[in-house]
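Please treat every number below as a calculation from the coordinates, not as lab data. Source: prediction; values computed, not measured. In this analysis, Cβ positions are derived from the backbone assuming ideal geometry, glycine residues included, and neighbour counts consider all displayed protein chains.
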Amino acid sequence: MAEHVRVKPLMPPGHVRTPAYLRGKTGVIERALGAFPNPEQRAYRLEAEDQPLYRVRFTMAEIWGDAAETPTDTVDAEIYGHWLERL
Amino acid sequence: MPHDHPSHSHDGTSPSGHPYRADNDTPLTYWQRMEIAVRELLVEKGLLTPEEIARQIDAMDARSPARGAAVVARAWTDPGFKARLLKDAPAACREAGVDIGPLNLMVVENTPHEHNLVVCTLCSCYPRDLLGLPPDWYKTRAYRSRAVIEPRAVLREFGVDLPESVQLRVHDSTADMRYIVLPARPEGTDGMTADALAALVTRDAMIGTGLPHRP
C-alpha cells in the first residue's frame with residue numbers, strides 16, 4: 001500500500017536539502033533509505049541527529065499542475081523525515 | 001574567412017583561425033586565494049606533500065565513464081549480477097572490482113516501458129567514482145531546472161525522442177544517494193563480449209540523457 005506524504009511548506013533560511021519546488025507537494029514513499037545525519041546541522045558543524053531518509057515519488061501533475069509537460073511522468077527525490085507529514 | 005588565410009593574424013586570430021585566449025593572469029577570487037593558502041599551510045606544516053596532492057589529483061582524473069560502462073556491460077551479460085546491482089549497487093560494484101568508496105549508489109533500469117533521467121537540482125551531485133567529473137552542462141541552472149520542468153524537451157535536445165507511451169522517471173539526487181541509469185541493452189548485440197558491449201555505453205546513457213550506441 002502506497003504511503004502518502006506531504007512535504008512541509010516551510011521556507012527556513014540556511015542550508016536545506018529539500019528543493020523548494022517540492023515544498024507543499026504530495027507524493028508517495030517509493031522506499032525508505034535508512035538514517036542519515038541531518039545536513040541542516042552538519043552544514044554548520046553542529047552535532048547532527050540521524051534522520052530517516054525517504055525517496056518520495058511525485059507526479060509532474062502534482063508538481064506543475066496544468067503546466068505539466070506529461071502529467072504522469074514522475075520525479076523521485078530524497079526527503080528527510082522531519083520534512084514530511086503523513087497523510 | 002580566417003581559415004583561408006592561415007598566415008595572417010591581424011584580426012586577432014591564431015594561424016588556425018581561432019581567437020587567441022586571453023592570459024589568465026587576472027586577480028584570484030577569494031576561494032582561489034583560500035585554496036592556495038590552505039594548501040601551502042598543509043605543506044609547510046608537513047601534513048601533506050606536493051607529490052601527495054598531485055597523486056590525488058591524478059586519481060580523481062583517472063575516474064572516467066569507462067568504470068560505469070564496465071558495470072553496465074557486466075549487468076547486460078550476467079543476470080545474477082544485474083539482480084544484485086539493482087538490489088545493492090555498492091556491494092555489486094565492489095564484487096565487480098570497481099571501488100566506489102563510501103558512495104551510496106542506486107542503479108535505475110531502463111526498460112522498453114520506462115526511461116530514467118538523473119539530475120541534481122540543488123547543486124551537482126554526480127556518481128564521480130563511476131562516471132568521472134560531471135560535464136559542464138550537468139551543473140548549469142538550465143539543465144538542473146529544465147530536467148524536472150520539461151525533461152522530454154531536454155531529452156529531445158540530446159537526440160532522444162521518448163514516445164508518450166514510455167513512462168519517464170526523473171531522479172533528483174537531493175541528498176545522500178547517487179544514481180546511474182542502467183540502459184537497455186541495444187538490439188543486435190547477441191554474443192558480444194562484455195568488453196565490446198562496454199564500448200557502446202556512453203556517459204550520457206548512464207545519466208539518462210542518451211542511449212547506448214548500436215553496434
Alpha-carbon centroids, the stretch B:43-117 and the stretch A:1-64: separation in whole Å: 26 Å
Shielding by partners, peptide B:166-172 (average Cβ within 10 angstrom, other chains): 6
222 nm mean residue ellipticity, helices alone, for the protein assembly as shown (DSSP H n ≥ 4; -39,500 (n - 2.57); rounded to 500): -8500 deg cm²/dmol
Nearby aspartates and glutamates by direct alpha-carbon distance to A:Lys25 (threshold 19 angstrom, same-chain neighbours under 8 apart not counted): A:Glu3, A:Glu62, A:Asp66, A:Glu69, A:Asp73, A:Asp76, A:Glu78, A:Glu85, B:Glu150, B:Asp172
Two-site FRET efficiency, B:Ala196 against B:Ser165, from Cβ-Cβ distance with R₀ of 45 Å, rounded to 0.05: 0.90
Packing-based ranking, highest mean first, of B:52-58, B:73-79 given that Cβ atoms within 10 Å are counted: B:73-79, B:52-58
Number of partner chain Cβ atoms within 10 Å, mean per residue of B:102-113: 1
Pair B:Val43, B:Lys87: separation of 7 Å Cα→Cβ label points (nm): 5.0 nm
Candidates per trypsin sites (Lys or Arg not before Pro) in the stretch A:25-87, loop by DSSP, up to 15 other Cβ within 10 Å: A:Arg45
Segment B:Thr29-B:Ala142, extension gain: residue separation times 0.36 nm, minus the distance between their alpha carbons: 38.2 nm
Partnerless Cys - chain B, beta-carbon criterion under 4.7 Å: B:Cys93, B:Cys123
Shielding of A:75-87 by partner chains, average beta-carbon count, 10 Å: 4
